[in-house]
Every structure is written in structure tokens, then in C-alpha cells.
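A.B. asks: I'd like to ask some things about the structure below.
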Amino acid sequence: MLDHLIRGATVVDGTGAPAYVADVGIREGRIAVIAAPGTVDEAARTSENAQGFVLAPGFVDPHTHYDAQLFWDPYATPSLNHGVTTVVGGNCGFTLAPLHPDRPEDADYTRRMMSKVEGMSLVALEEGAPWNWHTFGEYLDALEGRIAVNAGFMVGHCALRRHVMGPDAVTGRQPTEQQMAHMLQLLHDAMDAGAWGLSTTQSSTHSDGDGRPVASRHAKPVELIALSRAVGQHEGTQLEAIVAGCLDQFTDDEIDLFVEMTTAAGRPLNWNVLTIDAAVPTRVPRQLQASERARRAGGRIVALTMPILTPMNMSLGTFCALNLIPGWGDILALPVAERIEKLRDADVRREMLRRADSKEAGVFRRLANFERYVIGDTYSDANAGLSGRVVRDIAAERGQDPFHCLVEICANDHLRTVLWPMPADNDPASWELRQRTWQHEDVLLGGSDAGAHLDRMCGAPYTTRFIGDCLRGRKLVPLEQAVKMLTDDPAQLFGLRERGRIEEGFHADLVLFDPERIAAGPATLVHDLPGDSPRLDSKAIGVVSVRVNGIEAIRDDQVTGAVPGTVLRSGRDTRTVATK
């Protein structure tokens, strides 16, 4: 007997093949039968009429930071609501394990680092996770059996370094031969337990809770190559890496490093995120040179890129992307009163704008067009009526330059004002460039950062927003191709076994949606994290049902309470993907 029968759905199977109408039966967590409507003769415990709805494989998000959130939110909201049934965590060199058993202070260090570098609520980290593990395997075991999504995790280089070197990991000192051997053993142990491979960062934007460069930024190429080589000794593993050039354009040395890492491992390496902007025509060709050089050397480098524009919630009062503009961090770290005094100094503002528009600012240059900012929430009588207005218009009324105007508005709120920059790359030429870039064999959709930067951005709904855009908006790719880009393509990159397609025998990770309605609601601030901490959320529109391993986890944007997900472990749940 079937557990469930979905009748008359328009099946988009993830392969890119044309859609077709079929009945799909589920048994014991897998797709048991796909047949013409009305021809399934096996009884089913439950069934539903899906005529007019699209049935697709569950979406795979290749870059998330749900490592902590899954403990207090096993549904990985809002990703699961938006059809994501598999998430990849442990990215950017940051994981919650391993933790040294004799240094309880390492857990506190990790929490403060994650709060700073990934914008997670420190209170939520302290109160929402049990922190009862030491090894990476114990961390995976702590999640097993209690999550509603499928989740696989890289092991973070920063955690490996901290475990072995303690506080010396962030001093610039290099590991001794014995420490390097210990680090390698920890990595092997983690992959034996199911880690998907190594993630690391060399990005200048990544600092710990004390403001120091995170541990992996101190690693030399010889260390990174040795760790990469270890990854290649395990079935179904990967590399994920971030360097400073990911934000704009790679240096030759960065490309050399990536190529050496992927070839040493014999495994794909993915990086995040390829920003596509027609105003910077040299960026995409330069970034994809890394992929082309890797192919020639026998490796593979994959660029993640987002198919939507993710609005970002900015503020002069709390840590956000503005702090990462060269020369801005020190000013925006001052106490509020001193910060306001500095920001009101015309010479200081002039220098800040100069630095923000310099080549060293890279992709952050796009944040310096302050006349295009929209004022969000305000908190003072002086700012009454400004919410929703564009700074350009307010500045013209007041006879001020836009940055000065913005500073005065924020100062009235003691810097609590919410700011929304209007994207500069929302022009037809940029969308045409995205469409062309998506066709490259080493470009993959993803980079949501879901689970991180919780009160600053909400990238999780990229799946439904992209599908809706393909059906009723710009229509840059057909529905069948769009689904493939969100399902089979990432499943193939990570070597997921029997996931990413609607095929008999495959795991029944499925999303059923109304093609006339599928979309994502606007990002809204909610206070539902441990400690009443805030985050941005987005409603899923037109998503009828989401099934994970055959069990319904979402119905009409509401969680069902079921936790059918599994921790996906390398080797068992992933196969090795050849780079040649």
C-alpha cells in the first residue's frame, strides 16, 4: 500500500525535461510510482487532488548557516516554507564543532564569533543550542532525528584551528608539525563522522567577536593545500572557500590558491557569491577565469550567484555591511554619542565617502549611493512621516547633500533608523547579463546565507521569488530549467544520492505549488528567536505542500510539527563527484 498519492499534478522532474501530468505515489519515504493519471491501481492511505498544481523536487540551498538555528527551529524557517528540503551548512570556515573538551571558553568564543561574523543573535546562540558536544560527530548526532529538513555540513577551518592552537589560532602564529598533524586528524575524524568536507575563509571582512581576523585567515597556502588533500581521501566530499576577491574580483594569487586546493583534493570547490552588475562588466569574466583555469588543471571551481536581488536592512547603529567599507569600521564602532559627533563632521563624511568610492571598497562601492536609500522604521518625532521616503527627495527639500541628510535623520533616532539601499543593479542590462552567466557550466544558483545576518537580510525566499519571476515576471528561463537550477544542479554538485529529481526510487523530497501564485512576501521583522531576538521573515505564497522524505512538513505555509529530515553524511548520503 502507498502511504500517499498525489493525483494529477503537473510534474517538473528536475532534469529540465518538459513538464507532464502524472500521479505520484509515495511509500516509506521514497517515490514508489509515477504513472499516467488514474492508472495507479495500488491503494493509498491518503491522497490529494493536485490538478493545476506543479510538483517539483524539493529545492537544495547550497549555502546556509543553519548550524545553530536548527536546534531551536528544526524547520529551518523560512527556507522550508519556500520549498527548500535540503540545506548545506558549515560554510565560510565557521562551524560549532569541534570544541576542545578541556577549554569550555572555546564555546563562548565560537558564539561571539558567530554573532559578529554571521550576524546571529548572541542571546539565541547562548539559550537556543545545548552546546553538549565536543567532536564534529557528536554535533551531527545532536541534530539527528530532530530536524524537519535534510542537512549536510562542511567542517569549518576556524574550529579546527581553534581546537588545535587555542588562542594562538588568531595571533598569526603558524601550526607546528605536530599541530598540523592534529588538525588533519580532526578533519579526517569529522569526515569519517559525515562532514561533507572543508570550508575556509581568507576574506578581509571576517573578524571574530574581539574584532581580530578569524583563525583561518592566518593560514598559509601550505596549510590549506594539506587540508584539501585530506578531503580528497574521503568519499562524497567537497571544498568551500572564501577569499577577499569573492566580493569583487580575484587576484592572481587567489585564483592560484583555489586551483591548487581543488586539484589537491580532486574535489569541486564552490565559493560565494558572484555579484553580477552590468555597470562592472569586467567582474564576471574575471571571476570565471578561476573556473576555466581549474578545468584546464583537472579541478573544478563553482561560483554561487543569487537569481534575485536580496534587500538588505542597514543601520548606522548596529553592525552591518556599512561597517565593512574600508575606513568605516572604526568610526561605526565608536559609542553612539561619539559616533554621531564624528558623522556630523563634514571632513569625516568627506573622507568616508572617498573611501567608499575607492577601488579598495570593491563590491561595497554600491552602498555609497546614499541618495538612493529608502528610510525604513524611525523612532523619533523629528523623523515622523519619513518612513518609506527616498533620501534623495528629503535631501532636496532640506538643501543638504544626501549623506549629510541621512546622518541627520539617523542622529535624530540615536542611530536606530532602519535604512534600505535601493539596488543599483536592477537594470535590464544586469538581468540580461545574469541570464547569460547562469548558462555557464560552473555557475550555480545559491548563496542565500539563510540562518545568518538574521535582522539584516532575508535570502531564504530566493527559490519561490525566482520561480515566480520565471513564470510571471521577467521569464528569463523556462520553468523546467528554473526547477533544474534549484534541484538537480546543486544535487549533482554535492553528489547527493537519489535526491534532486522526481524519479522512481528517489527520496520523496517534494514541493507542490500553485504556478499562478508562487511568490515570496516582503521581508518583515519578527521577534521569535530565543531571548525575543529579532529576525527578518518572509511568507511563502502559493506553496501548497512541502514533503521531506515523504512526510509533509509544510502545508499552506504552516509547519505540520513533523521532523522527517535527516543529517546527510558524506559517503553514506553523498557520492564523490569527479572534477575531470
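The values are calculated or read from the model by the stated rules, or taken from the named source; none is laboratory data. Because the structure is a prediction, the values reported are computed rather than measured. As a convention, Cβ positions derive from the backbone with ideal geometry for all residues, glycine included, and neighbour counts pool all protein chains shown. All accessible areas refer to the heavy atoms of the entire protein, side chains included, with ligands and DNA or RNA removed. Shrake-Rupley method; radii C 1.70, N 1.55, O 1.52, S 1.80 Å.
A.B. asks: For segment 371-435, place one equal point scatterer on every Cα, skip the solvent, and apply the Debye formula. What is log10 of I(q)/I(0) at q = 0.11, 0.12, 0.14, 0.27 Å⁻¹?
C.D. replies: -0.30, -0.35, -0.44, -1.13
A.B. asks: I want to make sure I understand the PRE zone here: with the label point 7 angstrom from the Cα of Arg575 toward its beta carbon, which residues in segment 192-236 have backbone N atoms less than 19 Å away?
C.D. replies: 196-197, 232-236
A.B. asks: Got a number for carbon plus sulfur as a percent of segment 295-358's accessible area, 1.4 Å probe? Write out the running numbers ahead of the final one.
C.D. replies: Numbers: 1490 of 2880 Å².
Here carbon and sulfur together make up 52 percent of the probe-accessible area.
A.B. asks: Give me, ordered by chain and number, the residues 5 or more places off Asn270 or on other chains with an amide H under 5 Å from its own placed amide H.
C.D. replies: Under 5 Å from the amide H of Asn270: Leu239, Glu240, Ala241, Val302.
A.B. asks: Output ³J(HN,Hα) for segment 140-147: one whole-Hz value per residue in order, computed from phi by the Karplus curve 6.51 cos²θ - 1.76 cosθ + 1.60 with θ = phi - 60°, and x for Gly and Pro.
C.D. replies: Once θ is set to phi - 60°, the couplings for segment 140-147 become 4, 5, 5, 8, 4, x, 10, 10 Hz.
A.B. asks: Also, I was wondering about something else. Per residue of segment 77-86, what does 6.51 cos²θ - 1.76 cosθ + 1.60 with θ = phi - 60° give for ³J(HN,Hα)? Whole Hz please, x for Gly and Pro, Karplus curve as stated.
C.D. replies: Computed from phi, the couplings for segment 77-86 are 6, x, 4, 4, 4, 9, x, 7, 9, 9 Hz.
A.B. asks: Another question, then. If each DSSP helix of 4+ residues adds -39,500 (n - 2.57) and the sum is divided by the residues in the chain, what number results at 222 nm, nearest 500 deg cm²/dmol? Before the final figure, lay out each step's value.
C.D. replies: Numbers: 18 runs with 175 residues, N = 580.
Here the helix-only value at 222 nm equals -9000 deg cm²/dmol.
A.B. asks: Something else about it: Along Cα→Cβ, 7 Å out, is where each label goes; now give me the distance between the ones at Val123 and Arg173 in nm to one decimal.
C.D. replies: Simple spin-label model gives 3.8 nm for this pair.
A.B. asks: What's the FRET efficiency of Lys220 with Arg472 using the Cβ-Cβ distance as r and R₀ = 35 Å, to the nearest 0.05?
C.D. replies: Values: r = 50 Å, r/R0 = 1.44.
The calculated FRET efficiency here is 0.10.
A.B. asks: Now for a different question. Please list the non-local residues whose amide H lies under 5 Å from the amide H of Gly16, H modeled 1.01 Å from N, same-chain partners needing a gap of 5 or more.
C.D. replies: Lys484
A.B. asks: Could you give me the ³J(HN,Hα) list for segment 547-559, computed from phi with Karplus coefficients 6.51, -1.76, 1.60 and θ = phi - 60°, whole Hz, x at Gly and Pro?
C.D. replies: Here the 3J(HN,Hα) series is 10, 10, 6, x, 9, 6, 10, 9, 9, 6, 6, 10, 5 Hz.
A.B. asks: If I take R0 = 51 Å and measure r between the Cβ atoms of Val336 and Glu138 in this structure, what FRET efficiency does the formula 1/(1 + (r/R0)^6) give, to the nearest 0.05? Don't jump to the answer; show the numbers that get you there.
C.D. replies: Values: r = 41 Å, r/R0 = 0.81.
Here the calculated transfer efficiency is 0.80.
A.B. asks: Then there's this: Output the relative contact order of segment 324-435, whole-number percent, from Cα pairs under 8 angstrom with separation of 6+ residues. Don't skip to the end; give the middle numbers.
C.D. replies: Details: 127 pairs, mean separation 29.3, N = 112.
That works out to 26 percent.
A.B. asks: Over 46 Å, how big is the tail of the calculated P(r) for the chain, in percent of all Cα pairs?
C.D. replies: Working: 21382 of 167910 pairs.
Roughly 13 percent, rounded to a whole number.
A.B. asks: When ranked by the protection proxy of mean other Cβ atoms within 10 Å per residue, highest first, what sequence do the peptides 321-330, 154-163 form?
C.D. replies: Order by mean packing, descending: 154-163, 321-330.
A.B. asks: Sort the following peptides by mean Cβ neighbour count (other Cβ atoms within 10 Å, averaged over residues), highest first: 10-21, 331-342, 141-152.
C.D. replies: Details: 10-21: 18.3, 331-342: 14.7, 141-152: 20.3.
With the highest mean Cβ count within 10 Å placed first, the list reads 141-152, 10-21, 331-342.
A.B. asks: Under 25 Å Cα to Cα from Lys342, which lysines show up? Leave out anything in the same chain fewer than 8 places away.
C.D. replies: Reachable lysines: Lys116, Lys359.
A.B. asks: Quote the FRET efficiency, to the nearest 0.05, computed for Glu432 versus Leu309 with a Förster distance R0 of 22 Å and r equal to the Cβ-Cβ distance. Kindly include the intermediate steps, with their values, before the conclusion.
C.D. replies: Values: r = 15 Å, r/R0 = 0.67.
After rounding, the FRET efficiency stands at 0.90.
A.B. asks: Right, something else. Write down the radius of gyration of segment 182-242 and its Dmax, each obtained from C-alpha positions, in Å.
C.D. replies: Using the Cα atoms of segment 182-242, the pair Rg, Dmax is 12.4, 37 Å.
A.B. asks: I've got another one for you. With the full set of protein chains in place, find how many percent of the accessible area of segment 6-73 is carbon and sulfur; take the probe as 1.4 Å.
C.D. replies: Values: 1200 of 2460 Å².
Roughly 49 percent, rounded to a whole number.
A.B. asks: Any idea what the relative contact order of segment 180-297 is, in percent, if you count C-alpha pairs under 8 Å spaced at least 6 apart? Kindly include the intermediate steps, with their values, before the conclusion.
C.D. replies: On the way: 145 pairs, mean separation 29.8, N = 118.
Normalised by residue count, the contact order of segment 180-297 is 25 percent.
A.B. asks: Within the set of other residues whose C-beta is less than 12 Å from the C-beta of Pro130, count the net charge using Lys and Arg as +1 and Asp and Glu as -1.
C.D. replies: Details: positive: Arg146; negative: Glu126, Glu127, Glu138, Asp141.
Computed value for this residue: -3.
A.B. asks: Along the three principal axes, how long is segment 45-147 when you take its alpha carbons, biggest first, rounded to the nearest angstrom?
C.D. replies: 58, 29, 22
A.B. asks: Can you spot the lysines whose alpha carbon is less than 24 Å from Lys580's alpha carbon? Ignore those fewer than 8 places along the same chain.
C.D. replies: Correct list for Lys580: Lys484.
A.B. asks: Evaluated at 20 °C with a viscosity of 1.002 mPa s, what Stokes-Einstein diffusion coefficient in µm²/s does segment 358-473 have when Rh comes from the Kirkwood expression over alpha-carbon pairs?
C.D. replies: 127 µm²/s
A.B. asks: Per residue, how much accessible area does the chain have with a 1.4 Å probe, in Å²?
C.D. replies: On a per-residue basis, 36 Å².
A.B. asks: Give the cross-link partners of Lys220 among the aspartates and glutamates, using a straight C-alpha distance below 20 Å as the criterion and excluding same-chain residues fewer than 8 apart.
C.D. replies: Candidates past the 8-residue exclusion: Asp168, Glu177, Asp208, Glu240, Asp252, Asp253, Glu254, Asp256, Glu260.
A.B. asks: Probe radius 1.4 Å, ligands and nucleic acids ignored: give me the carbon and sulfur share of the accessible area of segment 94-172 as a rounded percent. Numbers along the way, then the final one.
C.D. replies: Numbers: 1190 of 2450 Å².
The computed percentage sits at 48.
A.B. asks: Still on this structure: Using only alpha-carbon positions, what ratio does the radius of gyration of segment 426-580 give when scaled by 2.2 N^0.38 Å? Write out the running numbers ahead of the final one.
C.D. replies: Working: Rg = 16.9 Å, N = 155, 2.2 N^0.38 = 15.0 Å.
Rounded to two decimals, the normalised Rg is 1.13.
A.B. asks: Give the whole-number value, in cubic angstrom per residue, of the convex hull volume spanned by the C-alpha atoms of segment 496-576. Don't skip to the answer; put the middle values down first.
C.D. replies: Working: hull volume 11.5 nm³, N = 81.
With only Cα atoms used, segment 496-576 gives 141 Å³ per residue.
A.B. asks: Let me ask something else about it. Would you grab the residues whose amide H sits under 5 Å from the one on His4? Only those 5+ places off in sequence or on another chain, please, with H modelled 1.01 Å from N.
C.D. replies: Distant-sequence amide H within range of His4: Ile26, Arg45, Thr46.
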